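K.L.:
Before anything else, here's the structure in question.
The values are calculated or read from the model by the stated rules, or taken from the named source; none is laboratory data. No experiment lies behind these values; they were computed from the predicted model shown. Reconstructed Cβ throughout: ideal geometry from the backbone, glycine too, with neighbour counts over all protein chains shown. In case anyone asks, the SASA skips ligands and DNA or RNA and just uses the protein heavy atoms, side chains included. Shrake-Rupley method; radii C 1.70, N 1.55, O 1.52, S 1.80 Å.
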Amino acid sequence: MPQIFNGLIVKKVNLAGNYWQFTLEFPVKFAFFAGQYVSVKVAGDGTRRSYSIASAPDGNQIELLIDVGPMGLGSKYFLSLNEGDTIEALGPLGRFVLPPSLKKVLFVATGSGIVPFRPMIRELLEGRGLADEIHLNWGMRHEEDLFWMDEFKKLETGHANFKFDVVLSKPTKEWSACSGHVNDCLVKHKASYLGWEAYLCGSQQMIAEVTDVLMKLGVKQEDIHFEKFF
C-alpha cells in the first residue's frame, strides 16, 4: 500500500543539460516494483508531481531523475533543493511493471521516459535473467543531453541478449548511430517484432506513432504497454 515517507536528499547531481539525479534516503526500507513511481509534494498547498523511480529496488534509498527543462512547479522545486534537505514522497504507485515472465521485450522511450526502463532492464538482466532478447530504443534531441550511456553500454557488452540504440532527432554531422525519430530506428533495424512485447514511455504523440509502427511490425495491440508523460 502507498505510504507517505520523508526522504532525505543524500545526493544531487547534474547528469547532462536539464537532467538532474537525486538520491533519496528513507528511515525504513522502501519496497517497490521496477517501473513504479512516487508522488512528491512540491508546494506548501499540497500540490504534487509524479516521478518514476530510476533505481532498482534495494534497501532504503531510491533515485529520481528530474528533467527541469519545462521549468514548471516541480522543476523549480527540485532545483531549489540541496543535499541534506527533506522531501515528502507518497508511494509506491503505478501498475507499469513487468509480468512474471518475458521472453522477447522491446523498450521504447523518449527523453526522461527512459527512467522506468532503467530498473526494469536491470531486473531482467541481473535479477531474473530469463528474457531471451531485450532491445532498448531511446530517442533524444542532442548528444550533449545523453546520460547513463556508459551504464547501458556496459550492460550491452556484458549481456549478449541486450541491444541498445540511441536515436537523435537533431544530431551533429559526427553522429554515426540512428537519427530521426525512434520509430525510424525500429523500422531500420528490425523487419519484424512478431512475438515480442513492447513497453513505451513518452508523449501521447510518440505513443501513438510507435504503436502504429509496432503493429505493422507484428506486435499485437494487447502486447503493447505504455506509460504516458504529459
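K.L.:
Give the residue list of trypsin sites (Lys or Arg not before Pro) in the stretch 122-230 that are DSSP loop and have at most 12 other beta-carbon atoms within 10 angstrom.
P.N.:
Lys173
K.L.:
Sticking with this one: Please give the Cα centre distance for the stretch 120-177 versus the stretch 21-98, rounded to the nearest Å.
P.N.:
23
K.L.:
Enumerate the amide H contacts of Val42 below 5 Å, restricted to partners 5 or more residues apart or on another chain; note that Pro and chain-start residues carry no placed amide H.
P.N.:
Under 5 Å from the amide H of Val42: Thr47, Arg48, Arg49.
K.L.:
Which cross-chain or sequence-distant (5 or more) residues have an amide H under 5 Å from the amide H of Lys163, H modelled 1.01 Å from N in plane?
P.N.:
Ile134, His135, Leu136
K.L.:
In addition: In the chain, if the dipole is taken from +1 on Lys/Arg beta carbons and -1 on Asp/Glu beta carbons about the Cα centre, which of Thr211, Gly46, Pro119 is farthest to the positive end?
P.N.:
Ranked along the dipole, the leading option is Thr211.
K.L.:
Using a 1.4 angstrom probe, figure out how much accessible area the chain has per residue, in square angstrom, rounded to the nearest whole.
P.N.:
50
K.L.:
Quantify, in whole percent, the carbon and sulfur part of the accessible surface of the chain (1.4 Å probe; protein heavy atoms only).
P.N.:
49
K.L.:
Using the Cβ atoms and a cut-off under 15 Å, what net charge is assigned to the surroundings of Glu63, where Lys and Arg are +1 and Asp and Glu are -1?
P.N.:
-2
K.L.:
Enumerate the aspartates and glutamates that Lys11 could reach by cross-link, defined here as Cα to Cα under 18 Å, with residues fewer than 8 away along the same chain left out.
P.N.:
Of all the aspartates and glutamates, those that pass the test against Lys11 - Cα under 18 Å, at least 8 places apart if same chain - are Glu25, Asp58, Glu63, Asp67, Glu83, Asp85, Glu88.
K.L.:
Using the structure shown, select from Lys41/Lys190; Lys103/Lys154; Lys170/Lys216; Lys103/Lys188; Lys103/Lys216 the pairs with a Cα to Cα distance greater than 31 angstrom.
P.N.:
The answer is Lys41/Lys190.
K.L.:
Now for a different question. What residues of the stretch 37-57 lie in the reach of a label at Ala31, counting those whose backbone N is under 11 Å from a point 7 Å from the Cα along Cα→Cβ?
P.N.:
Of the residues in the stretch 37-57, none has backbone N under 11 Å from the label point off Ala31.
K.L.:
Still on this structure, I have one more. Mean Kyte-Doolittle hydropathy of 0.0 or higher plus an axial Cα length of 15 Å or more: which whole DSSP H helices in the chain meet both?
P.N.:
Counting only whole DSSP H runs, the qualifying helices are 204-216.
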